[in-house]
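Note sheet for the following structure.
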Amino acid sequence: MGTMSMQNLYLLVPLAPLCGAIAAGLFGKWLGRAWSHRITIAMVAVSFFAALAIFQDVLAGHQFNGPVYTWLTSGDTSFHVGFLIDRLTVTMMLVVTSVSLMVHIYTIGYMQEDPGYQRFFSYISLFTFSMLMLVMSNNFMQLFFGWEAVGLVSYLLIGFWYTRPTAIYANLKAFLVNRVGDFGFLLGIAMVLMVFGTLDYAAVFANAAAHAEDIAPIPGMSVNLMTAICILLFIGAMGKSAQFPLHVWLPDSMEGPTPISALIHAATMVTAGIFMVARMSPLFELSDTALSFVMVIGAITALFMGFLGIIQNDIKRVVAYSTLSQLGYMTVALGASAYSVAIFHLMTHAFFKALLFLGAGSVIMAMHHDQDIRNMGGLRKYMPITWITSLIGSLSLIGTPFFSGFYSKESIIEAVHLSHLPVAGVAYFAVMAGVFVTAFYSFRMYFLVFHGEERFGKAHDDHHGHDDHAAHAAHDGDHDDEEVSHDHHHGLAPGQKPHETPWVVTLPLILLAIPSVFIGYFAFEPMLHEGYFRDAIYVAQQHLEGEVHEELEHAFSMALHALTTLPFWLAISGVASSAYFYLKRPDIPAAIHKRFQGIYTLLDNKYYFDRFNDWFFAGGARGASSFLWKFGDVKMIDGLLVNGSAKVVGMISSGVRRLQSGYIYHYAFSMIIGVFVLLTVRNWFE
């Protein structure tokens, strides 16, 4: 293709979903339900096939980096809208458009009875546009536009059912927590502009090494420039990619409809931070301190968020905490300079995690919007397609050899093991322990939902021995498991049986299950061992070991080798433990709960982060505003400045008024006194 035709194709990728969003959002009332979903799905399909064509063009060796138009000029600085099309970009474009297309199709079945049908399709198409603008950007300004746009649309989507107080709380929480991260992100971008005088990626990366030893222009602090820039940018990633301690918004975002969980938490918004750090690899490679910070945060998130998944009873929240843990794995890989491995796991995770979320949504539909896994069981024979696809997603998630998740997860563990950073030992322990934890909570959910005795159509407090330490636990107010995101919470009536969901729901499950099995095998060698990202990602010479392990160069031999390694046996142990606990001896989890009540309470309260935030930040803001209102507004402004000045004027005027009597002899007497004073003063100074 010619240069102009390719540029038009680049524009088509983000603009097609935008056109679909405008059509469904502004004209959905006239288009009706059917045409709203037809147009939006068609536009996302156009975007996907255009991304596929661009992918083939990039593989042929063609890349693009240039402005599309100048948005604003301020002094000597110009702000452009432009595209950087390389292998990292097209990988993200394909992941975003393909998962978005599956979610669009799935939504037809899931949201068919919802009155906000057209509005929902408009939002998810707008979300796709925002994410594509983010990943295709060639400058920090456009990156920030996409960054904020996905934050805004996620706010609208999480609070889609805006009449429910829990949804409003969740979307406001997501919005505010992301603003905390975005403040750091904006400071990092501002520092880039201050130091480099440009926001263009290529210019910044080309001059980064020349500033590697500079001190950051932060008053009162002596910090390396690159360390400061990278940590500030990563704080933005901590918000978007839900890393400790800015992870608190993601579990509550389950208040949104299930398709949103798949779209936001699988392939798009939460992976924006991972993508951004990989794109900024020329900067991060100049600061081992920043890389160590990234690795520590990722390790904490990978392990400790996995622990929380063990005690969850809401099916979507189990998968949500799984997402948090897997994002921690990606972040650890970034810290180990294994950027290509992080992107590889991002890609495989997008497919199997979208599959798990949509599978959870299929179960929720069959259960008439009951999301409590303690009320399920034995669904395998009623929902065979959902069962087998969920099993595939779970096997891929825990890193089973020959499944997609295995290749990326094993590569992360290997990269951390080879890292020379001082914190690599701690991170290695965290990711290894996380293998067992992930397998345990994933198959706990799988066994409770699809196997064992049938517990649906019964009273919610009767779990027949499967009360795995949570039925009567004290929960933290607005965030307990009994109140979370039950889309409408009806549940099956006594005697009623679940059934498989319609083809518009099961087809995306099947189409996502295929890459969940195979894409890791076929992409492993090209992405990690054949220099796939060589022009898009920079790795310093001293960090190259973490990128590649020659002994595990071939996908098939790697899978065979893994059958004898510790991660494989940890995963097997996790599956076996959950099977024993929840199928054979459900009394054991209850006994563990009673024995370790303190630990359970800590996990059930999510390490008290929400309570601390509510007390310290929300309570502190309310206390400060109350003080400013009572002291600043009422006493200072109203009392002293406004009413006080009025009183002073009144006092002066009442005194002056006595001198204005209207009698001539009073004025004559005042004149005589005045003349006397003047003469006295004159004589005094003479």
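Taking a temperature of 10 °C and a viscosity of 1.306 mPa s, what whole-number D in µm²/s does Stokes-Einstein yield for segment 594-674 with Rh from Kirkwood over alpha carbon pairs?
85 µm²/s
Taken over segment 309-360, the convex hull of the Cα atoms encloses 52 Å³ per residue. The 1.4 Å probe gives accessible areas that order 382, 110, largest first, as 382, 110. For segment 193-247, what class follows from the C-alpha gyration tensor (a ≥ b ≥ c being the square roots of its eigenvalues): rounded when a/c is under 1.5, otherwise prolate if a/b is larger than b/c, else oblate? Oblate is the answer for segment 193-247, as a/c is 1.5 or above yet b/c matches or exceeds a/b. For a paramagnetic label modelled at 7 Å from the Cα of residue 63 toward its Cβ, which residues of segment 77-114 fall within the zone defined by backbone nitrogen distances under 18 Å? So the set is 82-94.
Start at zero, step by 10 Å, and the Cα-Cα distances of segment 382-456 spread as 18, 39, 25, 13, 5, 0 percent across the bins. Quick check on segment 130-195: take the gyration tensor over C-alpha atoms, sort the square-rooted eigenvalues as a ≥ b ≥ c, and tell me if it's rounded (a/c under 1.5), prolate or oblate. Oblate, since a/c reaches 1.5 and b/c is not below a/b.
So what's the gap between the Cα centers of segment 568-626 and segment 353-406, to the nearest angstrom? About 22 Å separates the Cα centre of segment 568-626 from the one of segment 353-406. The lysines whose alpha-carbon is closer than 17 Å to the alpha-carbon of residue 635, local same-chain residues fewer than 8 away aside, are 647. Taking 0.36 nm per residue of sequence separation and removing the Cα-Cα distance, the residue 652/residue 682 pair yields an extension gain of 7.9 nm.
Looking at segment 1-119, what % of the alpha carbon pairs are farther apart than 22 Å?
45 percent
Annotation for residue 73 and residue 453: the two label points, set 7 Å from Cα along the Cα-Cβ direction, are 7.7 nm apart. Once you put a point 7 Å from the Cα of residue 628 and another 7 Å from the Cα of residue 573, both along the Cβ direction, what distance in nm separates them? With each label placed 7 Å out from Cα toward Cβ, I get 5.3 nm.
Checking the a/c ratio against 1.5 first, then a/b against b/c, what shape does the Cα gyration tensor give for segment 1-55? Let's see the in-between values first.
Numbers: a/c = 4.18, a/b = 2.51, b/c = 1.66.
Prolate shape, in that a/c is at least 1.5 and a/b is the bigger ratio.
Residue ranking by accessible heavy-atom surface, 1.4 Å probe, largest first, among 148, 410 comes out as 148, 410.
Of the solvent-accessible surface of segment 183-266, computed with a 1.4 Å probe and all protein chains present, 70% belongs to carbon and sulfur.
Backbone amide hydrogens, once placed in the peptide plane, bring residue 80 within less than 5 Å of 71, excluding anything fewer than 5 places away on its chain.
Once every Cα of segment 335-469 carries one equal point scatterer and solvent is ignored, give the base-10 log of I(q)/I(0) from the Debye formula at q = 0.14, 0.15, 0.18 Å⁻¹, two decimals. Listed by q, the Debye log ratios stand at -0.71, -0.78, -0.96. Between residue 661 and residue 637, the modelled label-to-label distance comes to 4.5 nm, taking each label 7 Å out from Cα in the direction of the beta carbon. Sorted on the mean count of surrounding Cβ atoms within 10 Å across their residues, most packed first, peptides 58-65, 250-257 read 250-257, 58-65. Only Cα pairs under 8 Å and 6+ residues apart enter the sum, and on that basis the relative contact order of the chain stands at 13 percent.
With all protein chains kept in place, the per residue accessible area of segment 1-155 amounts to 39 square angstrom at a probe of 1.4 angstrom. At an R0 of 35 angstrom, the distance between the Cβ atoms of residue 172 and residue 503 translates into a FRET efficiency of 0.45.
The values are calculated or read from the model by the stated rules, or taken from the named source; none is laboratory data. Predicted model, so just to flag it, every value in this text is computed and none were measured. FYI the Cβ positions are ideal-geometry reconstructions off the backbone, even for glycines, and counts take in every protein chain you see. Calculation scope for accessible area: heavy atoms of the full protein, side chains included, ligands and nucleic acids excluded. Shrake-Rupley method; radii C 1.70, N 1.55, O 1.52, S 1.80 Å.
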